[in-house]
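Take a look at the structure set out below.
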Amino acid sequence: MKIAMIGQKGIPARDGGIERHVEELSAELAARGHEVLVFCRSWYVWPIRNHRGVRCIKAPTISTKHLDAIVHTFFSIIKAAHEKVDVFHIHGVGPSILCWLPKLLRPSARVIVTFHSIDRHNEKWGWFARHMLSLGERMAVTFPDATIAVSKTLEAYCRMSHGINAKYIPNGAQIPQEDADPTIVKAFGLESGKYLMMCSRLIRLKAAHTLMEAWKQLRIECPDITSDFKLAIVGGSARTDDYVRSLCEMARTDNSIVMTGTQTGSTLHALFLNSYACVHPSEVEGLPLAVLEGMSYGKCVLGSDIPGNMELLEQHGLTFSRGNVEDLKTKIVYMLEHPDEIRAIGKLSRAHIAKNYDWKDIAETTEYLYELVQLEPELKNAKA
């Protein structure tokens, strides 16, 4: 099959859950013999034209907060139709506003939408953008031949809010096998096994400010417990420069808070591998890849008690009440005071991810869905 991935910024992923999802899924599908085309935005990654057996194709865009995604999606669909793809796979509810267009341009192809998160809850959007994202949701569950939900929570949301049965195919994670050079983290002033790590795009909904406030208070209230540890915030701006500046100002007065900026490849691998544990205080999620990755490294993850996190952490991690600094402080102290238990949770987490969230299995399930939607018209004709 010839498959077009549309809606993401591009690959290789620099940050962001959708980009990492598309990169791993595309690479696995290519390894299974499919021709996979990933449409990229030039400002994100270019001039890469082939990555892990996947064709990377540049499509025009207008690189502004409100026009980037929709303009790029439009031109990506036009180019994919010209390439005569068999499957248009659209990622995210924003790009799904145009999920009807492939059916006009290439009726023989099939359209799949992956519902990654309820994006209209993001505070960065104004009322008009939220209205358009709400419209995108309705399109994502109305026009495609199939809708994928990356979490059981989103699967239930699609059923209860929109009356459709989305196909549950989760995000995944690779179980890392390679060691990492501990000197990589020393460049950030970090010591192996002596820091907590948050990995995320720095937008307000990810709640890095909540974690940093809790950490700063603990440094004053519990110096004997926290004195040997640091907090690493790994990630960068996502058109949220004002918010990032506010975080840097919070960190400026505490040298135990390390802002690493966006990291990828061997540096990100080393940061995960050498961390003591991971914290993910987000206020809204689909099925967070940062949590999956932390667990895949055998790290205990402490996350907010939102449904997307609870799906992963209720049985295989620790949670705190969303936005509650006092509860977060209590759980961090518990983590630092119980290293044996934290190691045991991390070990079980890694096994859980290996069993249930392997990208090879996810790609196989997605491939089966592609084949099924292509067969459906023939099956209907046969019954008739």
Let me know the shape class of segment 257-355, please: from the alpha-carbon gyration tensor, a ≥ b ≥ c as square roots of the eigenvalues, rounded when a/c is under 1.5, otherwise prolate if a/b is greater than b/c, or oblate. rounded
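Based on the mean of other beta carbon atoms within 10 Å per residue, what is the order of 342-350, 253-261, most packed first?
Details: 342-350: 18.4, 253-261: 16.0.
Those peptides, ordered most packed to least, come out 342-350, 253-261.
So, with +1 on the Cβ of K and R and -1 on the Cβ of D and E, and no other charges, what is the size of the charge dipole of the chain about its Cα centre, to the nearest 20 debye? Intermediate results must be reported in sequence, preceding the final value.
Details: 45 positive and 44 negative charges, 255 e Å.
Roughly 1220 debye for the chain.
With a cap of 10 neighbouring Cβ atoms within 10 Å, and only residues DSSP puts in a loop, list the trypsin sites (Lys or Arg not before Pro) found in segment 218-325. Kindly include the intermediate steps, with their values, before the conclusion.
Working: sites: Arg219, Lys230, Arg239, Arg245, Arg252, Lys299, Arg322; in loops: Arg239, Lys299, Arg322.
Filter output for segment 218-325: empty list.
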Under a point spin-label approximation (7 Å from Cα along Cα-to-Cβ), what is the Glu314-Ser108 distance to one decimal in nm? 4.6 nm
His162-Glu326 FRET efficiency (beta carbon distance; Förster radius 35 Å; 0.05 resolution): 0.40
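If packing is taken as the average count of other Cβ atoms within 10 Å, what order do 84-96, 180-192, 302-314 fall into, highest mean first? Write out the running numbers ahead of the final one.
On the way: 84-96: 24.5, 180-192: 16.0, 302-314: 22.0.
In decreasing order of mean packing, 84-96, 180-192, 302-314 become 84-96, 302-314, 180-192.
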Ile175 and Thr142 label points (each 7 Å along its Cα→Cβ direction) are spaced in nm at 4.4 nm
When the charge dipole of the chain is computed with +1 on Lys and Arg Cβ and -1 on Asp and Glu Cβ about the Cα centre, the Cα farthest towards its positive end, among Thr73, Met212, Gly308, belongs to Thr73
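Starting from the Cα gyration tensor of segment 231-273, take the square roots of the eigenvalues, sort them a ≥ b ≥ c, and report rounded, prolate or oblate (rounded when a/c is under 1.5, otherwise prolate if a/b is larger than b/c, else oblate). Let's see the in-between values first.
On the way: a/c = 4.07, a/b = 1.36, b/c = 2.99.
Oblate is the answer for segment 231-273, as a/c is 1.5 or above yet b/c matches or exceeds a/b.
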So if each residue of separation counts as 0.36 nm, and I subtract the Cα-Cα distance between Lys347 and Thr64, what length gain in nm does that give? 97.6 nm
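Compare the peptides 151-160, 48-57 by average per-residue count of other Cβ atoms within 10 angstrom and give them in order, highest first. Before the final figure, lay out the partial values.
Values: 151-160: 18.3, 48-57: 16.8.
Final packing ranking: 151-160, 48-57.
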Size of electric dipole in segment 224-308: Cβ of Lys, Arg +1 and of Asp, Glu -1, about Cα centre, debye, nearest 20: 240 debye
Rank Phe39, Gly193, Val234 by how far each Cα sits towards the positive end of the charge dipole of the chain (+1 on Lys, Arg Cβ; -1 on Asp, Glu Cβ) and give me just the farthest. Phe39
7 Å from Cα along Cα→Cβ at both Tyr368 and Glu283: what's the point-to-point distance in nm? 3.9 nm
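Dipole size in debye (nearest 20) for segment 1-99 around its Cα centre, Lys and Arg Cβ +1, Asp and Glu Cβ -1? Each step should come with its number before you reach the end.
On the way: 13 positive and 9 negative charges, 49 e Å.
Computed about the Cα centre, the dipole is about 240 debye.
In the chain, what percent of the accessible surface is made up of carbon and sulfur (1.4 Å probe, ligands and nucleic acids excluded)? Kindly include the intermediate steps, with their values, before the conclusion.
Working: 8650 of 16530 Å².
Accessible surface attributable to carbon and sulfur in the chain totals 52 percent.
The values are calculated or read from the model by the stated rules, or taken from the named source; none is laboratory data. Owing to the predicted nature of the structure, the values given are computational and were not obtained by experimental measurement. Cβ sites come from the backbone with ideal geometry, for glycine too, and all protein chains shown count toward neighbours. Remember, those area values only see protein heavy atoms, side chains included, never the ligands or the DNA or RNA. Shrake-Rupley method; radii C 1.70, N 1.55, O 1.52, S 1.80 Å.
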